[in-house]
């Protein structure tokens, strides 16, 4: 074996090993979604805001046309109101349908999730459709846009 073929073989092995060791982008997208849910459940506003891309091109949207919050200040205010809608630490989530992917520095996730939580000690259940667009900044996935809606009958 020549030095050149040894070098090429070693280089190919290193490239393949690093590709196999790198986390799958779709899994990283799902991890960010889970981090969002954990911070939400804990009423952790600072933790939630750290998950979003800073700036005035970041948006959270709800079900109705008026449910639209753009930029960090509006998004933080929206979460403060969301916190009033459930007791901290009571969210349990199961998403029977999730589809996510990523390419380069852009990722996305769509999910239908069933939630259980409580408000003032009263248990409740509901479903949400959730979608998000993520952007990788400085090696970390961040939320660029998030949309949630309560499925309702026509």
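The values are calculated or read from the model by the stated rules, or taken from the named source; none is laboratory data. Not measured: the values here are computed from a predicted model. Here Cβ is always computed from backbone atoms with ideal geometry, including for glycine, and neighbour counts include all displayed protein chains.
Couple of notes before you dig in:
- Residue check, residue 101 closer than 19 Å to residue 53 by Cα, modelled with pLDDT under 95 and within 13 Å of the chain's Cα centre (by Cα): yes
- Cross-chain or 6+ apart pairs with Cβ under 9 Å, the range 136-154 first and over 13 Å from residue 62 (Cα atoms), then modelled with pLDDT under 95 and exposed (fewer than 10 other Cβ atoms within 10 Å of the Cβ): 136/104
- Looking only at the range 49-77, residues that are free of Cβ contacts under 8 Å to residues at least 12 places away in the same chain and assigned to a loop (DSSP other than H, G, I, E, B) come to 5 in all.
- Residue within the range 137-150 that is more than 22 Å from residue 49 (Cα to Cα) and either buried (at least 17 other Cβ atoms within 10 Å of the Cβ) or more than 10 Å from the chain's Cα centre (by Cα) (or both) present: yes
- The residue that is nearest to the chain's Cα centre (by Cα), among those in the range 78-98 that are in contact (Cβ under 8 Å) with a residue 40 or more places away in the chain and in a strand (DSSP E or B), is 98.
- Within the range 57-88, tally of residues that are touching a helix residue (DSSP H, G or I) at 6+ places or on another chain (Cβ under 9 Å) and over 25 Å from residue 29 (Cβ atoms): 2
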